[in-house]
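The values are calculated or read from the model by the stated rules, or taken from the named source; none is laboratory data. Worth saying up front: this structure is predicted, and the values here are computed from it rather than measured. Glycine gets a Cβ as well: all are built from the backbone with ideal geometry, and neighbour counts include every protein chain shown. SASA here: full protein model, heavy atoms, side chains in, ligands and nucleic acids out. Shrake-Rupley method; radii C 1.70, N 1.55, O 1.52, S 1.80 Å.
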Amino acid sequence: QVQLVESGGGLVQPGGSLRLSCAASGTVFRVNTMGWYRQAPGNERELVAGISRSGSTNYADSVKGRFTISRDNAKNMVYLQMNSLKPEDTAVYYCYAVTGRVSWGQGTQVTVSS
């Protein structure tokens, strides 16, 4: 089983930046893909970005060119650098990890507002 703990959320003005971090523990040797989903009030959870163990990435169209996902396999960490933030990026951001199942973190709130 994999445990995930996110950090780095907060309040930022439009156009600003935040960096989210996710620390994995437990049976991390089995983890393949890691990444981030987000859920805004009244909306379904949506994929933001994912990264494989080898470093292949995929992004939601809405964040391409603004967000960058990265991963440190030695430290069992995944990161999401978010630039040029918009109010519509406001959501709870969840880290996930795929082994034979999907594990989730507890979520971190990102609020983009002036």
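Annotations for the structure displayed:
- Each residue in segment 49-108 was checked for being of a type in the set (Val, Ile, Thr), surrounded by 21 or more Cβ atoms within 10 Å (Cβ to Cβ) and assigned to a loop (DSSP other than H, G, I, E, B), and 1 of them qualify.
- Residue in segment 1-13 that is among the small types (Gly, Ala, Ser), loosely packed, with under 15 Cβ neighbours inside 10 Å and part of a loop (DSSP other than H, G, I, E, B) present: no
- Options GLN39, GLN81, GLN13; residue that is of a type outside the set (A, V, I, L, M, F, W, C), touching an Asp or Glu at 6+ places or on another chain (Cβ under 8 Å) and modelled with pLDDT of 95 or more: GLN39
- Selection count where residues are small (Gly, Ala, Ser) and either in contact with a helix residue (DSSP H, G or I) (Cβ under 8 Å, 6 or more places away or on another chain) or closer than 21 Å to SER84 by Cβ (or both), scope segment 1-46: 9
- Looking across segment 29-41, the residues that are open to solvent by less than 90 Å² (accessible area, probe 1.4 Å) and of a type outside the set (Phe, Trp, Tyr) come down to VAL31, ASN32, THR33, MET34, GLY35, ARG38, GLN39, ALA40.
- Residues located in segment 62-107, provided they are of a type in the set (S, T, N, Q) and closer than 16 Å to GLY16 by Cβ: THR68, GLN81, ASN83, SER84, THR90
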